[in-house]
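In what follows, a single structure is set out as structure tokens and then discussed.
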Amino acid sequence: MFTYSINFATNYIISGVNSYKLKNNKPDFNRIAIKVGSNVITQEDGSLNDRRILRIVEDVAILYKQGIEVVLISSGAVAAGRSEVSPSKKTNIVAAKQIWAAIGQVKLMSSYQFLFGKYGIQAGQLLATKESFRDRRHYLNMKNCISAMLENHVLPIVNENDTVSVNELMFTDNDELSGLISSMMDCKSLIILSNVDGVYNGIPGKKGTELIARIDEESGNLDKYISSVKSGFGRGGMFTKCSIARKIASHGIDVFIANGTRDSIITDIARRKNVPCTHFVANRKRETGVKKWLSHSDTFAKGAVVVNDGAKEALLDDKATSLLMVGITRVDGFFRSGDIVRIVDEEGNNIGLGKAQYDSKKAEQDIGEKLSKPFIHYDYMVINEKNKPVLQE
Ligand code: GLU
């Protein structure tokens, strides 16, 4: 039944996709990340909304046929699995979610593969965990994998590996994952699709409340507008969406929060058509390479080192400065060589982050010593934007 009705619908739509051109409104990007929330593609009982998925696929196919590289980040696995099985009472909630993800991820990918296949597009799956981003080698493996898929015209569909990532090993939600992926893959834009039109300046639907069309660096603190309430099946809410969007925009990527239940929302945004959405305007400065990876690593830091005032001043200076053991007064936490650690001043302010060249035991032994090998090399360090307006390159 599903196959028949979807077949009928896709045959009808495909002819449209092939003749559709973004002609005069050709998007100004060649690579884009699109995040699809659970609430967009699932029905009230959690089962997959195949017609909605078809609409998303159709929209993505239009971009794809224009030669635009698309990386899709899709939620929906846990919800789809939940609609299929009810684990026994003795199964705890963590295990239940693992089971749902194990079932739902297959269903989710089957739908995508089937529907993209109708447009002659091969879709492939990539499942990530937080650990994949913590270790630079894993990070590069993942980046190489997605790059190779794109080069070979395979459309990557990314999700968290919910079967194995539990509790503290989890991403906050797929919004966080989409931010990491768009930054890692140097996308020009990220579109985050949920079931609302964007960020409002009050309670949506209430008199006087309006959609905020544009947010940039000058927009100030938006916390008072944004509800931390979550809706439906997804893990994320507008609060995390907004903070991720601002962070990613500050790294030089345009972010759009939009309503994925509106038809052709993706192509409308790509054509810069006047559609309801919130645009987080990209900062013109784009970070690259190691420093970009590090700037996303604040949630992965394993420990911290406290630095004295002299070292703090040197690090905040515009010159390229590595952190030496002589500038360190305390070592907190347990970390291995190669782990990410925070750099903190005597008052406890976060100065930045870097990749430790010594483990915590060795660092502790050598506090204040004049060793030639730095504790954090300048190339593997980022200084907090708040402390230092311009990031070291
Ligand atoms: N990875 C989860 C899933 O596929 C969704 C997480 C989220 O809601 O952001 O169900």
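Bear in mind these aren't lab numbers, they're just calculated from the coordinates by the rules spelled out. All values reported here derive from a predicted model rather than from experimental measurement. Note: ideal-geometry Cβ built from the backbone for every residue, glycine included; neighbour counts use all protein chains shown.
The calculated FRET efficiency for the pair A213 and D379, based on their C-beta separation and a Förster distance of 56 Å, comes to about 0.90. In terms of overall dimensions, the C-alpha atoms belonging to the chain reach 73, 54, 48 Å along their principal axes, ordered largest to smallest. One decimal place: the segment D263-F334 gains 20.6 nm when fully extended, by the rule 0.36 nm per residue minus the C-alpha distance. The orientation-averaged projection of the convex hull spanning the C-alpha atoms of the range 274-387 amounts to 8.6 square nanometres. Residue separation of K362 and N350 scaled by 0.36 nm, minus their Cα-Cα distance, works out to 2.1 nm of gained length. Pairwise Cα distances in the range 89-235 exceed 23 Å for 51 percent of all pairs. Charges were assigned to the Cβ only: +1 to each Lys and Arg, -1 to each Asp and Glu. The resulting dipole of the range 79-145 about its Cα centre is roughly 180 debye. Entry note, the chain: the mean residue ellipticity at 222 nm calculated from DSSP H runs of n ≥ 4, each adding -39500 (n - 2.57), is -11000 deg cm²/dmol after division by the residues and rounding to the nearest 500.
Anything over 19 Å Cα to Cα? Flag those among K247/K291; K312/K355; K302/K355; K130/K188; K130/K302, in the order listed. Listed pairs above 19 Å: K130/K188.
With a Förster radius of 51 Å applied to the beta-carbon distance between V290 and N195, the computed FRET efficiency rounds to 0.85. Using the Cβ-Cβ distance between E369 and K90 with R0 set to 45 Å, the FRET efficiency from 1/(1 + (r/R0)^6) comes to roughly 0.25. Remark: the range 318-380 is approximated by an ellipsoid whose semi-axes, taken from the C-alpha gyration tensor as √(5λ), come to 15, 14, 12 Å, largest first.
Taking Cα centre as origin and charging only the Cβ of basic (Lys, Arg, +1) and acidic (Asp, Glu, -1) residues, the dipole magnitude of the chain rounds to 920 debye. For the pair C145 and D45 in one chain, pulling the backbone fully straight at 0.36 nm per residue adds 32.6 nm over the alpha carbon distance.
Considering only beta bridges that DSSP places wholly inside the chain, some 35 percent are antiparallel.
For the range 264-357, the list of GluC sites (Glu not before Pro) that fall in a loop by DSSP and count at most 16 other C-beta atoms within 10 angstrom reads E346, E347. Computed from Cα atoms, the angle from the helix 174-184 axis to the main principal axis of the chain rounds to 70 degrees.
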